[in-house]
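Q: One structure coming up, written as structure tokens, with questions to follow.
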Amino acid sequence: MNDRRPALFLDCDGVVNKNHGYVYEIEKFEFYSEIFQICLIAMSVEMPIVIVTNQSGIGRGFYSESDYHKLRGWMISQFSNHGIIIDDVIHAPENPEVVQDANSSRRKPSPAMFLEAAENLKLNMPESIMIGDNESDMISAHRAGIKHRILIGNPDGSTLASEWVESHESCIDLVRKIVARIRESESNVNKY
């Protein structure tokens, strides 16, 4: 397990971009500028970056898989323009009103997308970080064994977030602190 790296997991709508509801057109995609700085902090310690996103607009027929993939390709290119490598983008296209068996759903709060990334990229899940804006992000990250679960926005009642921040701007400092703790922990392990 020591050769596995922790990753930075990001929700899309509400974390990477402003959530205007079923965003699938490039013209309506509005990045949070702070997300680039957050990703650069992760890249400075060679953390893979994975976006995990529910895309029920596909299942609901609001847009197609092709529309989604076009936007995804553009989004990845915008990250690249900022010197950021996105290692994977995993989406769940199911319509939550149609999916009957919760055990077969990939949608958050299922941990399925996280576990797929863990397998594909050989990740250290306990030391990974998840940033989300919804409790379902926190639940799925908890179920996937992620210790660092950051909720952007005030929790509505009880939460499985390990920490929460009010804004993307305050998330930058928190991610910097968590990454420093992970780096220190790894260096202590490598001493022995």
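Q: Any residue at all in the range 87-94 that's under 23 Å from R60 (Cα atoms), touching a helix residue (DSSP H, G or I) at 6+ places or on another chain (Cβ under 6 Å) and not hydrophobic (A, V, I, L, M, F, W, C)?
A: yes
Q: Could you list, in sequence order, all residues of the range 23-55 that are surrounded by 18 or more Cβ atoms within 10 Å (Cβ to Cβ) and under 22 Å from L115 (Cα atoms)?
A: Residues satisfying the conditions are C39, A42, M47, P48, I49, V50, I51, V52, T53, N54, Q55.
Q: Taking the residues in the range 132-177 that are part of a strand (DSSP E or B) and free of Cβ contacts under 8 Å to residues at least 40 places away in the same chain as candidates, determine which candidate is farthest from K122 (Cα to Cα). Explain how you work it out, then say what you get.
A: Taking the range 132-177 and keeping what is part of a strand (DSSP E or B), we get 132, 148-152, 163-165.
Restricting the remaining residues to those that are free of Cβ contacts under 8 Å to residues at least 40 places away in the same chain gives 148-151, 163-165.
On the way: H148: 18, R149: 19, I150: 22, L151: 25, E163: 25, W164: 27, V165: 29 Å.
So, considering only residues that are part of a strand (DSSP E or B) and free of Cβ contacts under 8 Å to residues at least 40 places away in the same chain, the one farthest from K122 (Cα to Cα) is V165.
Q: Can you tell me which residue within the range 158-173, out of those that are of a type in the set (S, T, Y) and loosely packed, with under 12 Cβ neighbours inside 10 Å, is nearest to the chain's Cα centre (by Cα)?
A: So the first thing to find is which residues in the range 158-173 are of a type in the set (S, T, Y), and the list is 158-159, 162, 167, 170.
Remaining after also requiring loosely packed, with under 12 Cβ neighbours inside 10 Å: 158, 167.
On the way: S158: 21, S167: 16 Å.
If we take residues in the range 158-173 being of a type in the set (S, T, Y) and loosely packed, with under 12 Cβ neighbours inside 10 Å, then S167 is nearest to the chain's Cα centre (by Cα).
Q: Of the conditions (1) over 17 Å from the mean Cα position of the chain (by Cα); (2) closer than 18 Å to D13 by Cα; (3) open to solvent by less than 50 Å² (accessible area, probe 1.4 Å), N154 fails just one. Which one is it?
A: Just one mismatch for N154, condition (3).
Q: Under 9 Å between Cβ atoms, at least 6 apart or on separate chains: pull out the pairs that start in the range 13-25 with a residue that is within 15 Å of W74 (Cβ to Cβ) and part of a loop (DSSP other than H, G, I, E, B) and end on any residue that is among the β-branched types (V, I, T) and at pLDDT 95 or above.
A: V16/I35; V16/I51; V16/T53; Y24/I58
Q: Let me spell it out: the conditions are (1) buried (at least 19 other Cβ atoms within 10 Å of the Cβ); (2) more than 14 Å from L10 (Cα to Cα); (3) of a type in the set (G, A, S); (4) in contact with a Phe, Trp or Tyr (Cβ under 9 Å, 6 or more places away or on another chain), and S110 meets all of them except one. Which number is the exception?
A: Just one mismatch for S110, condition (4).
Q: While we're looking at this one, here's another question. Name every residue in the range 56-80 that is surrounded by 15 or more Cβ atoms within 10 Å (Cβ to Cβ) and part of a loop (DSSP other than H, G, I, E, B), in order of residue number.
A: The answer is R60, Y63.
Q: Shifting gears a bit: Quick check, is L123 within 16 Å of P6 (Cβ to Cβ), open to solvent by 20 Å² or more (accessible area, probe 1.4 Å) and modelled with pLDDT of 95 or more?
A: Against the criterion (within 16 Å of P6 (Cβ to Cβ), open to solvent by 20 Å² or more (accessible area, probe 1.4 Å) and modelled with pLDDT of 95 or more), L123 does not qualify.
The values are calculated or read from the model by the stated rules, or taken from the named source; none is laboratory data. Being a predicted model, the structure only gives us computed values, none of them experimental. Virtual Cβ from ideal backbone geometry, glycine too; neighbours counted across all protein chains shown. For the accessible areas, the whole protein counts, side chains as well, though only heavy atoms, and no ligand, DNA or RNA atoms are used. Shrake-Rupley method; radii C 1.70, N 1.55, O 1.52, S 1.80 Å.
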